[in-house]
Structures are given as structure tokens and as C-alpha cells.
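The values are calculated or read from the model by the stated rules, or taken from the named source; none is laboratory data. Predicted, not measured: the structure shown is a model, and the values here were computed from it. Cβ placement follows ideal geometry from the backbone for every residue including glycine, while neighbour counts extend to all protein chains displayed.
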Amino acid sequence: MKILAIESSCDETSAAVLEQTPQEILVHSSVTATSLDIHAGTGGIIPENAARMQVTYIMPVIIQSLQDAFKKEAKDTLINEIDAIAVTYGPGLIGSLLVGVETAKTLAYSFNKPIIPVNHLLGHLYANFINNKEIKFPFIGLIVSGGHTDLLYFKSHKEYTWLGGTRDDATGEAFDKIGRAMGLSYPAGPEIEKRAQQSVTHSFKFKSPLINEDNYDFSFSGLKTEAIRYYENLKKNKASLIDEDISDICYATQKAIIDVLVKKTLKASEQYKCSTILVGGGVSANQTFIRTLTDQASDNNIKVFSPPLKYCTDNAAMVGSYALMNYEPIEWQNINANPELYFG
Ligand code: KG4
Ligand code: ZN
């Protein structure tokens, strides 16, 4: 079974060809175009700009992924080599989603291929199943992205329960907004991680929101206020800020976020008796976080999986992986972009 997967929920346009063999899920090609440069210029994503760039990139990216997978140049016959199409239908930005969904539906109709709609958030977790036969149910899934923070308990592919999520800002959003206030480029998560490594004094701390509450909720807007206020005060009271000041704020921000993510994820694994944790979403690219979680989990014999870096942020391979593990095609007429899609 070979599948063409399409992802266009936000500012990345991505297509991938995957195959499920008896042994594992293989990625034959994965092509991603991003409009990040444009959004870096505006300090964040303007949805209309993202949608326009999706229109520009979608067909070149799909064609490139087919050519890479089948090592052929012909454009119009390559789609015959695939058995089905998978597409992200939500959540995300409506304009961006529409481009991917309508393209996938048109291809499915024109070439008579089955089509599978995929929830972007579940896709992030299923990036872990690529080239990986080790994952065992039950597991705890933690999604940490630019738009979401969710903790789930999976009994099987089909049976899962949402345990909690953010009440306000998502994890990646907190990184991005705190970074933007300090003049770091968008998206600020990777830059904050890099600068945090340069902090030596660790002289102050920010509060880890909701860390001691007996629930699986998260909240990052208070941390955002605390970090930005700290930065503004420092700027007011010092003639000029040095790199060390920014690094210390980055360290304290990252630590406050990691501490609460790790504590609540481990608490969920203990309560639901899971010896496996899957992490996914852009923030799972943060190696300081993954290392901290892995170290603390291993003390309790819990194994942590996180995707290879290239499949942490938005990509189509994760969408294909979900569709192959949950192969349920539906009529193309019944697939609609759903920006508010959550967990059903
Ligand atoms: O999953 P993703 O690509 O897009 C959404 O579905 O939202 O996640 C993007 C987010 C951004 O907020 C970005 O700052 C964050 O992931 N991110 C990181 C790191 N790399 C990406 N956050 C912290 N540390 C990183 N190394
Ligand atoms: Zn995402």
C-alpha cells in the first residue's frame, strides 16, 4: 500500500509518499515548502498570506514528492503509482486547509483514488510510528505545537481519551510570544532553546503554571506576562541589556514550561499505568525538553518516543503515517476543511 499524503494546515505546504510494508512504515519522499520567511517579516502568521503561499506551492510540492518517490520525471502518470490519498482536514487556518483539502479531493476524484481525512493533531503523534515497530499500547500522547497543548491516553488506535489541555496559550505560542517581545525572530522556540543553553547563572525562576494542580490542564499566559514583565523591567533599569540577560530569561522561560509538561505527562503515565509516552508537535523538536522527559521517565521504566527532528514540525509524512495505521477512506464529497476540529 502506497499513499500520497498532503498537509497544508498552516504555513507549511507538504507532500509525502509513504508505504506500509509488513515490517514498518517507510517514507519514500517528503517535500515541504514553507512561507516562514514571509511570516518572520510580519512577526507572526497573517492567515491570508499563508493561504496565498499554499496556492503557490501545493502542486509543485505534490509533483516533486511523486518524482522523488518514484525517481521519474513524468508528471501526469506518477499518481497512478499510488493507492490512496491522505489529507489534513483540520484543525488549522481555514484558507490554508482549503487549499490542501480541495486539491486532495480533486486528485482523488480525477484519478479515482480512495481518500482518508486526517486530524493534524493526531498526525503529530503518529509521526512516531514512522520506521518504528517498538511502540506498544497503552500510551500517553502529548501534543505540543504552535497552536495546541493536549494530553491523551491511548488504549488502542481507535480508543483514546483526552485528559487535558491548555486553557489559554499553547506551548509553542508561549515560546513565540515571549520571544517576540524580546525581539527574537519568529518562530522563537528554536532560538529560545539555543539561547537557554548559553545561560550560566540561572539566577531567577518563573512560575510553572498549574504545576501543583491535580488535573491535566496547562496555562501559559501567566508565564508569558511574567517573562515579558521581567524583560521590560530589566530594560528600564539597565542602560543596555547584554546577551547574558536574554539568555537567562530564555532559560527561565524554557524551564518553567518543561517542568510542568514533564510533571503532568509522568503523572498521567502513572495514573493510567502506561510505560510508553509519545510526544509530537513543533515543541517536541526541543531536545532539552525531550532529554529531561526521557531521563525522568526512565527512572520509572517508562520509554519516551519523539519524532526525528524533520517530522516534529508540520509535515505530510506524519499525515500519511496516521492514515496507514488507521486506513479508513471515505467519500470525497464528505470531506470538508474544519479549522476547529478537535478530538472526537
Ligand atoms: O507543530 P508546529 O510545526 O505547528 C503547529 O501545528 O502549530 O509547531 C510550531 C511551533 C512554534 O511555536 C515553534 O516556536 C515551536 O513549534 N518550536 C519549538 C522548537 N522548534 C519549534 N519550541 C521550542 N523549542 C524548539 N526547539
Ligand atoms: Zn502542527
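Going through the stretch 155-172 one residue at a time, which ones are surrounded by fewer than 23 Cβ atoms within 10 Å (Cβ to Cβ) and within 13 Å of VAL283 (Cβ to Cβ)? Selection gives THR166, ASP169.
Starting from residues that are among the hydrophobic types (A, V, I, L, M, F, W, C) and more than 9 Å from ligand 1 (Cβ to nearest atom), keep the ones in the stretch 180-195 and report whichever is farthest from LEU223 (Cα to Cα). The selected residue is LEU184.
Looking for something in contact with a Leu (Cβ under 7 Å, 6 or more places away or on another chain), part of a helix (DSSP H, G or I) and either modelled with pLDDT of 95 or more or more than 16 Å from ligand 2 (Cβ to nearest atom) (or both) - is there at least one such residue anywhere in the stretch 284-291? There is at least one residue in the stretch 284-291 that is in contact with a Leu (Cβ under 7 Å, 6 or more places away or on another chain), part of a helix (DSSP H, G or I) and either modelled with pLDDT of 95 or more or more than 16 Å from ligand 2 (Cβ to nearest atom) (or both). Of everything listed in (1) within 16 Å of ligand 2 (Cβ to nearest atom); (2) at pLDDT 95 or above, the single unmet condition for GLY147 is (2). From the list ALA285, ALA317, ALA323, the one residue that fits, being under 23 Å from PRO91 (Cβ atoms), within 16 Å of ligand 1 (Cβ to nearest atom) and crowded, with 24+ Cβ neighbours inside 10 Å, is ALA317.
Scan the stretch 47-63 and give yes if some residue there is touching a residue at least 60 places away in the same chain (Cβ under 8 Å) and out of contact with any Ser or Thr (no Cβ under 6 Å at 6 or more places or on another chain), otherwise no. It would help to see each step written out before you state the result.
Step one: filter the stretch 47-63 for residues touching a residue at least 60 places away in the same chain (Cβ under 8 Å), giving none.
Checking the stretch 47-63: not a single residue is touching a residue at least 60 places away in the same chain (Cβ under 8 Å) and out of contact with any Ser or Thr (no Cβ under 6 Å at 6 or more places or on another chain).
Closer than 25 Å to ASP314 by Cβ, small (Gly, Ala, Ser) and crowded, with 22+ Cβ neighbours inside 10 Å: is that true of ALA227 in this structure?
Against the criterion (closer than 25 Å to ASP314 by Cβ, small (Gly, Ala, Ser) and crowded, with 22+ Cβ neighbours inside 10 Å), ALA227 does not qualify.
Would you confirm, using the coordinates I've provided, whether THR32 is free of Cβ contacts under 8 Å to residues at least 24 places away in the same chain and either surrounded by fewer than 23 Cβ atoms within 10 Å (Cβ to Cβ) or of a type in the set (Lys, Arg) (or both)? Here the answer is no, as THR32 does not meet what is asked. For the stretch 18-62, the set of residues classified as assigned to a helix (DSSP H, G or I), at pLDDT below 95 and of a type in the set (Ser, Thr, Tyr) consists of THR42 only.
I'm trying to understand the selection: among the residues of the stretch 1-17, which are surrounded by 24 or more Cβ atoms within 10 Å (Cβ to Cβ) and in a strand (DSSP E or B)?
Initially, the stretch 1-17 is screened for residues surrounded by 24 or more Cβ atoms within 10 Å (Cβ to Cβ), giving 3-11, 13-17.
Within the stretch 1-17, ILE3, LEU4, ALA5, ILE6, GLU7, THR13, SER14, ALA15, ALA16, VAL17 meet the criteria.
Apart from one condition, PRO190 fits all of (1) surrounded by fewer than 21 Cβ atoms within 10 Å (Cβ to Cβ); (2) in contact with a Gly (Cβ under 7 Å, 6 or more places away or on another chain); the exception is (2). Among the residues examined, ILE130 does not qualify as more than 16 Å from ligand 1 (Cβ to nearest atom), within 18 Å of the chain's Cα centre (by Cα) and either under 30 Å from ALA188 (Cα atoms) or modelled with pLDDT under 95 (or both). Per this entry, ALA239 is counted among residues that are without any contact (Cβ under 8 Å) to a residue 60 or more places away in the chain and not in a helix (DSSP H, G or I). Could you say whether any residue in the stretch 216-224 is in contact (Cβ under 8 Å) with a residue 40 or more places away in the chain, surrounded by fewer than 18 Cβ atoms within 10 Å (Cβ to Cβ) and in a helix (DSSP H, G or I)? For the stretch 216-224, residues in contact (Cβ under 8 Å) with a residue 40 or more places away in the chain, surrounded by fewer than 18 Cβ atoms within 10 Å (Cβ to Cβ) and in a helix (DSSP H, G or I): present.
LEU122 fails exactly one of the following numbered conditions: (1) hydrophobic (A, V, I, L, M, F, W, C); (2) touching a strand residue (DSSP E or B) at 6+ places or on another chain (Cβ under 6 Å); (3) within 15 Å of ligand 2 (Cβ to nearest atom). What is the number of that condition? So the condition that LEU122 fails would be (2).
Here is a yes/no grid of residues against (1) under 27 Å from ASN326 (Cβ atoms); (2) of a type in the set (A, V, I, L, M):
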| site | (1), (2) |
| --- | --- |
| LEU36 | no, yes |
| LEU66 | yes, yes |
| LYS71 | no, no |
| ASP83 | yes, no |
| THR103 | yes, no |
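I'd like to verify a number: residues in the stretch 285-314 that are under 17 Å from GLU12 (Cα atoms) and not acidic (Asp, Glu), how many? Break it down into steps so the answer makes sense when it comes.
Going residue by residue through the stretch 285-314, those that are under 17 Å from GLU12 (Cα atoms) are 285, 309-314.
If we keep only those that are not acidic (Asp, Glu) too, we end up with 285, 309-313.
Qualifying residue count, the stretch 285-314: 6.
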